[in-house]
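Novice: Please see the structure below; I have some questions.
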Amino acid sequence: MNCKFILFLSFLCLCLFSNAFGAVQMRFENRWPFAPAKSIAVSDDYVFQAFGNVILVIDKTDFSNAAPVKRIYLNVSEGITNLRYHEPFLFVTTGHHGLSKINVSPQSITNPAIVTKEPIPAWIQSEIDAGATESGTARDVAINGNNAYVAFTKLYENGIYETGIQVVDITDTSSLVLKNLGLVTNDAIANGLASGLTESRRIMVSGNYAYIADTAQGIHLFNIAADTPEFLDITGFLPTFDISVPGDGFAYAACTAGGIQILDIATDPNIPSITTIYANPTGDDPDDELTYFQYNDATTFARSLQTAGNRTYIADGNSGLEILDVSNRSNPQKLSTYSTNLNNAYSVHVDTDNTLYLADFQSGLTKVNISSPESPSLISSIQHHAASANRFFVNIEGDIFYSYTLDSGTDGEGLRILKFEKVSNIYGNLVSNSEFQNVRFQSFLETPGQAQDIEVIHYKISESTTFSFAFIADGTGGLQIIDVTNKSTPSNTTLTDNTEINDSRAVELDSSGSFAFVADGSNGLRILQILAASDTYPVRTPTLLDTIAPPSGGTAKDVLFTSKGSAPNLEYYLYVAAGTAGLQIIRLDLPNTASETITGTLISSIDTDGDTKSVTVFDKYAFLADGDKGLKIINISDPSTPTQVGTYDTPGDASRVWIRQASANTVYAYIADGDKGIRAIDVSDPTIPIDFNPALTYDTAGFAGDIAVNQTGDMTIIGDGSGGLTMISISDPEAGRDVDYTDTESPDISDSGCFIQSSKP
């Protein structure tokens, strides 16, 4: 299924964006997890890498092993923002949850009590002041002696920002104690690079000074010789994403498109005020005592860096790894470039044995030999989907919508529930006006199989009581039924059916939630009874009622339940994506009550030249995601004689299709196209699918496998595999017009509407 029952309420439709040229465009808005600028830490034994709320622990001596030694789950609603190792602890900043520490010594890492999904007890939450929209968000931590210095940012309801340092006593191995607070002055923020805005990203400590990289302001300088940090100034000349202070008298700043800046911090550590923003790429700033040099070329996009000796190693979003010779600080020279597969590097860590770890958002974690800086070479690479999103289901509750997202990677598969909160736009012009900037992690529940597909059904028991259940096609784990009434603590009901069902790929339910239809791979289509006559919600193991085998060589990969006609003469059909065998159409004998049995009859099938992965029905057409053969359009006005009428070969691996009727005469097909991202096709005339000019496409960070579009067509959500759950805005000229959709009731829920693609079968 393709998230077929979804309502995006009006708050998702208020995304405003510039479209000066009148062209149709797609633009990135948000993602979970959003990779932080620095999320690697290294000990003598392990490499630690953070994804969302998960920390992967990787054995350095067996780096090529695809399976991590451990996964540490933090019960935090925001993603992990940074990691810092200080023997034997891993210090973790987690947004508004503050600071955590975990004993990760080899003796402790093997203790199952350490690796848990429960909250880590030793943590400091940022203080909450009156008027703050939320507690301050901890962005990074640096360790110096017995203190941890936490860089944080806070935003108030009136749009005023606050940023600074928390000093935390770490002498007690079992606790963290907040000691003092140092703040950047409001005047400094107001008069900085981006007036009124601040967003701390990285903190480094050297001697008596702390340096905070700020993506809006540059570099904040604090004197930390006393117990209370003293703010000195904001310096630097460009927004800064990372900073390295190796103790050689210089600070090295990663400034994305601005390249890197090298600052002399030895001549006068108390850096004087900068009266003008002067970016001179060849030498000194004549208006300041601070010596400043810059390295930049036309392609630089420096996200992270580390300097060791006379070499600076840059994680570059465009080119991968850049290595510079900085022996002459006034004239840095590029020594080499090591390109990652997809060139989206965001973090770098130099180890002590001539090796370097490079995190690439798409390519995973790479270990590089840098013994010869002029010719770095690959040692090994691994790709972990610690918090990936392959399929999802969205449910709306007031000003909040929840995503039930599936991770079906090689290990750690299961259900992840995210909350998207509506927030007002008080961020100025530097960020999007999207109404759902806050993405909060709610919970994770591991399933025994390979979570493939999901549908969520609400069962209304009384006026005041509603139970919610997630039905998961769990591969070898069969059909998993999860109680998600409490989204913070989902629980497996043990009503699993994995005796007959052992290759489940997709699941669909009828409108009452009484019957489930499971695409069970080579076993074919399974029909199961969920509710008996006396049941109001699932309380028993599903009963297998019928099985329809796939065509020869086929594999049931997706299923769609729909109806044709009107009451009392409704006809019910299942459309099954059968892989290399194309499409199957099954007529159902659907009873009026749950006490009766149900059977299915195969009435027709049609083969395609591709690998049919999913099916969507709109009007009298079935739209097939046909793998590397793109989009297929089938006329099903007579379900007994389906006929192919249109085709569009996409450049990627078409996995899902979402249909939206933009106006009375305009229909779009939005395609999740695998490693080529997403694209929209005009299918107003199904016999002649037309690409937009210019093409309406967006190449996502991962592998686009699922997609949904809101009613007004200006926002899409993508299950992007290792790229997480991604939101893209669409400057559609038809967006905002009246949409022809069906507002129905979810099963037994009187106040919940659904957008149904197959509104005109």
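Novice: Can you tell me how much longer the chain between Ser330 and Asp172 gets when fully stretched, taken as 0.36 nm per residue apart minus their C-alpha distance, in nm with one decimal?
Specialist: Details: separation 158, 0.36 × 158 = 56.88 nm, distance 4.41 nm.
Taking 0.36 nm per residue and subtracting the Cα distance, the gain is 52.5 nm.
Novice: Could the peptides 212-219, 227-234 be put in order, highest first, of the mean number of other beta-carbon atoms found within 10 Å of their residues?
Specialist: Details: 212-219: 27.1, 227-234: 17.2.
With the highest mean Cβ count within 10 Å placed first, the list reads 212-219, 227-234.
Novice: Same structure, new question: How do the peptides 42-51, 512-521 rank, highest first, by the average count of neighbouring beta carbon atoms within 10 Å per residue?
Specialist: Numbers: 42-51: 21.6, 512-521: 25.6.
Highest-to-lowest ranking by the protection proxy: 512-521, 42-51.
Novice: I need the phi-derived Karplus couplings for the range 302-309: 6.51 cos²θ - 1.76 cosθ + 1.60, θ = phi - 60°, integer Hz, Gly and Pro marked x.
Specialist: Coupling constants for the range 302-309: 6, 9, 8, 7, 8, 9, 9, x Hz.
Novice: By count of other Cβ within 10 Å, fewest leading, how are Glu162, Glu508 ordered? Mind dumping the intermediate values first?
Specialist: Working: Glu162 18, Glu508 25.
Ranked by crowding around the Cβ, least crowded first: Glu162, Glu508.
Novice: Test of understanding: what is the full-extension gain from Thr536 to Asp691, defined as 0.36 nm times their sequence separation minus their Cα-Cα distance? Present the calculation step by step, with values, prior to reporting the outcome.
Specialist: Numbers: separation 155, 0.36 × 155 = 55.80 nm, distance 4.69 nm.
Once the chain is fully extended between Thr536 and Asp691, it gains 51.1 nm.
Novice: Tell me which residues come under 5 Å, amide H to amide H, from Ser336 once H is placed; ignore anything under 5 positions away on its chain.
Specialist: For Ser336, whose amide H was placed from the backbone, the distant partners under 5 Å are Ile323.
Novice: I would also like to ask the following. Sort 483-489, 303-309 for me by packing, meaning the mean count of neighbouring Cβ atoms within 10 Å per residue, highest on top.
Specialist: Numbers: 483-489: 15.7, 303-309: 21.6.
Ranking, from highest mean packing down: 303-309, 483-489.
Novice: While we're here: Looking only at Cα atoms, what is the convex hull volume of the range 444-591 per residue, in Å³?
Specialist: 112
Read-outs throughout are calculated quantities, based only on the coordinates presented, and are distinct from any laboratory measurement. Everything quoted here is computed from the prediction, not taken from an experiment. Ideal geometry is used to build each Cβ from the backbone, glycine not excepted, and the neighbour counts take in all protein chains shown.
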